[in-house]
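Reading through the structure tokens given below for one structure.
The values are calculated or read from the model by the stated rules, or taken from the named source; none is laboratory data. Predicted model only: the values in this text are computed from it and were never measured. Please note: Cβ atoms are built from the backbone with ideal geometry, for glycine as well, and neighbour counts cover all protein chains shown. Please note that ligands, DNA and RNA were not included when accessible areas were found on the heavy atoms of the full protein model with its side chains. Shrake-Rupley method; radii C 1.70, N 1.55, O 1.52, S 1.80 Å.
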Amino acid sequence: MHAPTVLVVDDEQLIRWSLTERLSQEGYRVLEAATAAEAIERHREGVDLVLLDFRLPDADGLTVLKQIKESDPDTLVILLTAYSSVDNAVAAMKHGAYHYANKPFNVDDIALLVAKALETTQLRREVRALRASQAQPYSIDRIVGESEVMVRVRALLQKIAGSPASTVLLTGESGTGKDLAAKVLHYASDRAAKPFMNITCSALPEALLESELFGHERGAFTGADRQKRGLLETADGGTVFLDEIGEMVPGLQAKMLRFLEEKSFKRVGGSVDLRVDVRVVAATNRRLEQEVKEGRFREDLYYRLNVLPIELPPLRARPGDIPLLANYYVDTYNREFRKRVTGVDAAAMQALKAYGWPGNVRELRNVVERAMLLAEGTTLTLADFPAAAAAPVRLTEQVGLPAGGIDLEQLERSLVVQALDRSGWNQTKAAGMLGLNRDQIRYRVEKFKLEKPS
Ligand SMILES: Nc1ncnc2c1ncn2[C@@H]1O[C@H](COP(=O)(O)OP(=O)(O)O)[C@@H](O)[C@H]1O
Ligand SMILES: [Mg+2]
């Protein structure tokens, strides 16, 4: 941070001198002007605060105040006047003056006033910069994809962001963009200026997760030596993102349900009901319906969460988006690594489109990142994508059904076995070769009772 700049405007040299002297001692950079014209000229040099005489030889202080505020509304102005009147004060405030002081003044008082005023602009600027830097990276167009399903997802996110909806459920495999969608939901909403709090339900043991979420009172448990506010309180007015909600233990599921229904909760060890206004965005890569059937997830909580479900499709279900995303990451890493790669050549793009992407967009991002780090040419080629180059061809209508028909189960079994063999029984890799996810291949391994050869 550079030192704040203060501009002292007064036609009396003695006043300019005493103020300049005092403010320089405070460590400010001080500029001086004796006339309105000079003041406006010097203000262009970048000034944080102006001490402005009400009466200047060539114009009155109010006119100068208006011009300064027009060119930079962030500049603070303190008007100095020897003719104090209520009218003057009202006019000064109406035109955006920060304060108004009477002559003769005590320089120490002025120095204090200046320090206080600068503190507020500093804060205001920091907050604004922070908001801008946080809001921009998560605008809705950060979600890349022109496939029909992604266009729909984006429209839905936009609509829900602007709605009063208090609960949203994001589902989709790992790497499909649930985190990203949650942030977009927050920053595209009128909650954007309030906190976005994020917690992964599987990362903490039950008791800790509970006190992170709801907070605790002093003495609630051993080690709780002071009261602590939970995420729900901290996020008041904003959004709480509960990632991997499918892993939340049943006891907490019940407390979460109560919160979602009543919008109130108690801190751990507390007896007071606290109310907050937060939007809860929950995400899971599990099939919650299945979890409910198998008794691992409360049905009532599932229905409460599932009011606004948004499903993020796996990447292999929208191969048309692969070139867009690949190029998006080429651009991103060109910037990050200061490279000038122009794109992905046709053969490599073909392979990227045919690959199964078990890790979805996250995997694509990592693959492009690696290629960009290692690439020597100006375009990325098959050699830069070893995993995708070894990928399966996407067979669609080209497979002719033999005249005598075929045993589909047997064909499926044979392909699964081949993929497992070829991947050395790495199920994730085998799944990738078959365009399946891990659950889907696991299901087939069980269905065909396949076992890893010893
Ligand atoms: N549609 C998309 N457009 C651009 N980037 C995406 C998209 N989907 C996911 N990503 C990126 O992929 C990575 C993984 O996404 P993330 O939101 O963490 O997935 P998830 O939470 O579902 O596991 C992140 O870097 C994210 O920015
Ligand atoms: Mg995630």
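Structural remarks
- For the pair the stretch 213-237 / the stretch 412-454, the C-alpha centres are spaced 46 Å from each other.
- Applying both filters, DSSP loop and at most 14 other Cβ atoms within 10 Å, to the trypsin sites (Lys or Arg not before Pro) of the stretch 1-53 gives Arg44.
- FRET efficiency, 1/(1 + (r/R0)^6) with R0 56 Å, evaluated for Lys159 and Asp225 via beta carbons: 0.75
- Debye, to nearest 20: dipole size of the chain, +1 on Lys, Arg Cβ, -1 on Asp, Glu Cβ: 1400 debye
- Dipole magnitude for the stretch 141-206: computed about the Cα centre from +1 point charges on Lys and Arg Cβ and -1 point charges on Asp and Glu Cβ, it is near 220 debye.
- Three-way shape label, the chain, alpha-carbon gyration tensor, a/c 1.5: prolate
- Rounded FRET efficiency, nearest 0.05, which uses the C-beta distance separating Ala101 from Ala192 and R0 of 56 Å: 0.90
- Which listed pairs, of Lys194/Lys293; Lys178/Lys255; Lys293/Lys449; Lys116/Lys266; Lys94/Lys183; Lys228/Lys263, have C-alpha distances above 28 Å, in listed order: Lys194/Lys293; Lys116/Lys266; Lys94/Lys183
- From the alpha carbon centroid of the stretch 158-186 to that of the stretch 299-352 is 16 Å.
- Restricting the stretch 1-94 to chymotrypsin sites (Phe, Trp or Tyr not before Pro) in coil, as DSSP defines it, with at most 11 other Cβ within 10 Å: Tyr83
- The stretch between Val249 and Lys263, if pulled fully straight at 0.36 nm per residue, gains 3.0 nm over its current Cα-Cα span.
- Solvent exposure of Thr332, expressed as accessible area, is near 40 Å², computed with a probe of 1.4 Å over the protein chains only.
- For the stretch 256-276 versus the stretch 73-108, the spacing of their alpha-carbon centroids is 49 Å.
- Estimated inter-spin distance, Arg142 and Asn327, nm [label 7 Å along Cα→Cβ]: 2.2 nm
- The chain - share of DSSP beta bridges that are antiparallel (%, nearest 5): 10 percent
- Residue-count net charge about Arg296 - beta-carbon cut-off 10 Å; Lys, Arg +1, Asp, Glu -1: 0
- For the chain, the longest principal axis of the alpha carbon atoms and the long axis of helix 148-161 meet at an angle near 40°.
- Accessible area per residue (1.4 Å probe, heavy atoms of protein chains only) ranks Asp439, Asp53, Asp300, Asp190 as Asp190, Asp439, Asp300, Asp53, with the largest value leading.
- Where a label projected 7 Å from the Cα of Asp108 along Cα→Cβ would reach, residues of the stretch 23-64 with amide N under 18 Å: 23-27
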